[in-house]
1. If each DSSP helix of 4+ residues adds -39,500 (n - 2.57) and the sum is divided by the residues in the chain, what number results at 222 nm, nearest 500 deg cm²/dmol?
2. Skip the ligands, DNA and RNA, and give the accessible area per residue of region 183-268 with a 1.4 Å probe, whole Å².
3. Taking 8 Å as the Cα distance limit and 6 or more residues as the minimum spacing, I'd like the relative contact order of region 100-220 as a percentage.
4. Taking just the C-alpha trace of region 7-92, give me its Rg and Dmax in Å.
5. Among rounded, prolate and oblate, which fits region 211-272 when a ≥ b ≥ c are the square roots of the eigenvalues of its C-alpha gyration tensor, a/c under 1.5 means rounded, and a/b larger than b/c means prolate?
6. Can you bin every Cα-Cα distance in the chain into 20 Å intervals starting at zero and give me the percent of pairs per bin, rounded to whole numbers?
7. Specify which residue in the list Leu271, Leu252, Cys298 is farthest towards the positive end of the charge dipole of region 240-308, using unit charges on the beta carbon of Lys, Arg (+1) and Asp, Glu (-1), about the Cα centre.
8. Please express the shape of region 33-73 as an equivalent ellipsoid: the semi-axes are the square roots of 5 times the eigenvalues of the C-alpha gyration tensor, given largest first in whole angstrom.
Amino acid sequence: MNIKLISSLLAVSLIACPLLYIFVGPALDPAQMETLKVLGIICGCSALYCFVVGELTQNNSQMDKLWSLLPIVYVWVIAARAGMPARLVVMACLATLWGARLTFNFGRKGAYKLKFWEGEEDYRWVLLRARKEFQPHWKWMLFNFFFISIYQNVLVLLTTLPALVLANSTRPFGWMDGVAAALTLGFILYETVADEQQWAFQTAKWKLIKEGRKLEELPAPLNLGFNTTGLWGVSRHPNYFAEQAVWCCFYLFTVAGGIGILNWSMIGALLLIVLFLGSSAFAEEISASKYPEYTRYCQTVSRFFPGKRFVI
């Protein structure tokens, strides 16, 4: 992820959010504004925690650990303050299921410890922090403050705001809600399968490497170093694809609730797509530097949407 992309993300967020709210609507009523204030306080406290703890521990995965937990809190707060209507309860349950899956997947990699600020740090932060663009440390500190801590916290909040605009919806739960719920659940399951396939592949690969075998000596396809099995054979990032789709389907609830096909709460899903474009590009840059066949894999297989299968 480069500095220009990060700056663009911040600029788009600052400009697009208020413009969409003003010109697309709907406007929030006083009760919704009060709920937004509550969510904003939680978001602000989380951002402050991530920055301070990240600087003190030099572990910048603090937000990574909260990423799967905060949406659960946000949507249940919205549902509770709205009187627990059926649509918001379903959305809160789906957010909880999504968060439980992601928390489990991140936790088994060693991310969570009894001392919450400890745990394994995402390797990408380590590599990014060491780049010359972030030297001396004050440059990284600014990046940590504005992007890791503030921007990512705000983005997570934005992805859940379709629930907020539905807080005063009077349209009963209907078939369109059922479709949105089924699609959201389907993509959660899709992401679960992708994670399990990746976990199985990496576990098998590292087991043999820890036994003293070199990567090139491993049986195919482990000797490639990167996963090309299952969903990973037809999409370079099936987990990212499903993650983006989950929050796009979450937005569909606003259509079902009578808010309209286009409304400002779409901004979270749109910015998440942009973020994953940058994040996947950075991850692929790392993989291409380590594995000789990865470039051919990128030339053959679609980044997100399932398509042509990779042939070893």
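The values are calculated or read from the model by the stated rules, or taken from the named source; none is laboratory data. The model shown is predicted, which means the values in this text are computed figures rather than measured ones. No Cβ is skipped: glycine too gets one built from the backbone with ideal geometry, and neighbour counts run over all protein chains shown. Just so you know, the surface numbers come from the protein's heavy atoms only, side chains and all, with ligands and any DNA or RNA stripped out. Shrake-Rupley method; radii C 1.70, N 1.55, O 1.52, S 1.80 Å.
1. Numbers: 13 runs with 202 residues, N = 312.
Taken over the chain, the calculation gives -21500 deg cm²/dmol.
2. Working: 3460 Å² over 86 residues.
I get 40 Å² per residue for region 183-268.
3. Values: 21 pairs, mean separation 16.0, N = 121.
Across region 100-220, relative contact order equals 13 percent.
4. In Å, with Rg to one decimal and Dmax whole: 15.6, 43.
5. Working: a/c = 5.75, a/b = 4.18, b/c = 1.38.
Since a/c reaches 1.5 and a/b is larger than b/c, the shape of region 211-272 is classed as prolate.
6. Going from the shortest bin to the longest, the percentages are 30, 58, 12, 0.
7. Cys298
8. Values: eigenvalues 98, 28, 4 Å².
They are 22, 12, 4 Å, listed largest first.
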